[in-house]
Amino acid sequence: MARDTTDSSPIEGLDDLVAHMAAGNKPKDQWRIGTEHEKFPFYVDGNAPVPYEGPRGIKALLDGMQKTLGWEPIMDAGNIIGLVEPTGQGAISLEPGGQFELSGAPLETIHQTCREGNAHLAQLREIAEPLGIRFLGLGGSPKWSLAQTPRMPKSRYDIMTAYMPKVGRHGLDMMYRTCTIQVNLDFSSEADMRRKMQVSLRLQPLSTALFANSPFTEGRPNGLKSWRGEIWRDTDNQRSGLLPFCFSPDFGFADYVEWALDVPMYFVIRDGRYHDCTHVTFRQFMDGALRNSVPDGLPTMGDWANHLSTLFPDVRLKRFLEMRGADGGPWRRICALPAFWVGLLYDDEALDAADALTRSWTYEDVLAMRDAVPAQGIDMPFGSGTLRDVAREVLAISRLGLKNRRRLNRDGYDESTFLSTLDEVVARGTTSADEMLTAYHTRWGGSIEPAFMEYAY
């Protein structure tokens, strides 16, 4: 999230919180695709991390991007921490360790998403190459320790950094040493949201397996295919993971609101200042817990929107659904991830098929899958076969959905072409993580340094 919200509208009651989410309902012809992708900046000389300050640092990179794009700078205590397109059509932001993120504009097709990604990377290279900076497309930082990883001057991250070690083993690794590709998708009604939420929760571990791309930590294999997936198993389980109540046949907006109300807050913003609120839940905030300790200490709709952005379930519900299971990856994955989910969720025939395929999977089934895929990936036993067999079926459904959409490019190709990189994973039986591990033990000669060349943007 590039910019925190400052909407000062008062909250009158729980109905306002439910209505805030329900306001995301859109007719199908207004559904859009919002793709976000993160990457690790590094200096070509020595494959070293890039600090915020300095003539060749992250700040210089953002200043250069601001001059190139003409986008509005996002400031925090005098520091530039991001950029936003003036009409809201996209933003650039920083993750805690300097991971550079594009939050894409809401677009109609995957073809447009791919063009957007190409344009962003071209603009980024134009500014970064004279600074000796490139970007690494992996799901986990493969070389630098937590102590070696830079820290960005962003107030909300200061609060999170102090809080994370209190609530899980891997929170700081999640913040500073992971990258993702995710897609944000719309729904038409509460019932449509429910079905999309349930199908995508069941299939999120499959996404983690297919996009597994983080097999190294601090210069050596970590025994996993998705270190990032393992990190999310113990980051802050009060606000993350698989949500059992979402599997209920009558799950709705109000259920998510009730859960979110009892999750500890991170902060509220008053007069541009972030106040640490990790000691109270949003429900306690609504009951007056901050009335005497924070200026204007009654909750606003901006506080609620910000709180929703600090919840990290595998599929996050706001005024749209966020698919959060995939590792960051090389350029082709930027297009493949949204194509995978759009094919499954934006066509009625495909959504029916995906629902039918997964309907019998219980919360316990999906949790077991989620626990196993970081180490086993698509080789995980499932049913009478493996997750690779499931992936073959799911990709066929996604391809059906993309073909049914008939969104063609200028050469007459539909969006299903963007699934080719995932077809290769299933056909070969090897993920990006598997291929890197093979390279590490053979042609890379036991070094992860070649990854900085082969997986760089």
In region 68-115, what residues are among the hydroxyl-bearing types (Ser, Thr, Tyr) and in a strand (DSSP E or B)?
Ser93, Ser103
If I filter region 29-48 for residues that are closer than 15 Å to Ile127 by Cα, in contact with a Leu (Cβ under 6 Å, 6 or more places away or on another chain) and either aliphatic (A, V, I, L, M) or open to solvent by 10 Å² or more (accessible area, probe 1.4 Å) (or both), do I get at least one hit?
no
Scanning region 162-177 residue by residue, the ones that are open to solvent by 10 Å² or more (accessible area, probe 1.4 Å) and closer than 21 Å to Leu308 by Cβ total 4
Yes or no: Pro338 more than 25 Å from Leu121 (Cβ to Cβ), assigned to a helix (DSSP H, G or I) and in contact with a strand residue (DSSP E or B) (Cβ under 9 Å, 6 or more places away or on another chain)?
no
Report those helices (runs of 4 or more DSSP H) wholly inside region 357-457 carrying at least 2 residues which are open to solvent by 50 Å² or more (accessible area, probe 1.4 Å) and touching a residue at least 60 places away in the same chain (Cβ under 8 Å).
363-376
Open to solvent by less than 10 Å² (accessible area, probe 1.4 Å) and either of a type in the set (Ser, Thr, Tyr) or closer than 24 Å to Ile92 by Cβ (or both): is that true of Gly132 in this structure?
no
Just one of Arg194, Arg228 is surrounded by fewer than 24 Cβ atoms within 10 Å (Cβ to Cβ) and either at pLDDT 95 or above or assigned to a strand (DSSP E or B) (or both); which is it?
Arg194
Taking region 108-143 and keeping only residues that are over 24 Å from Thr68 (Cβ atoms) and within 18 Å of the chain's Cα centre (by Cα), one is left with Ile110, Leu138, Gly139, Gly140, Ser141
Failed criterion for Thr68 (all others in (1) at negative phi; (2) out of contact with any Pro (no Cβ under 9 Å at 6 or more places or on another chain); (3) without any contact (Cβ under 8 Å) to a residue 24 or more places away in the chain hold)
(3)
State yes or no: is Leu146 touching a Lys or Arg at 6+ places or on another chain (Cβ under 9 Å) and of a type outside the set (Val, Ile, Thr)?
yes
Out of region 71-84, which residues are open to solvent by less than 30 Å² (accessible area, probe 1.4 Å) and without any contact (Cβ under 8 Å) to a residue 40 or more places away in the chain?
Ile80
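The values are calculated or read from the model by the stated rules, or taken from the named source; none is laboratory data. Keep in mind it's a predicted model, so treat the numbers as computed, not measured. As a convention, Cβ positions derive from the backbone with ideal geometry for all residues, glycine included, and neighbour counts pool all protein chains shown. Keep in mind that these areas ignore ligands, DNA and RNA; they rest on the heavy atoms of the full protein, side chains included. Shrake-Rupley method; radii C 1.70, N 1.55, O 1.52, S 1.80 Å.
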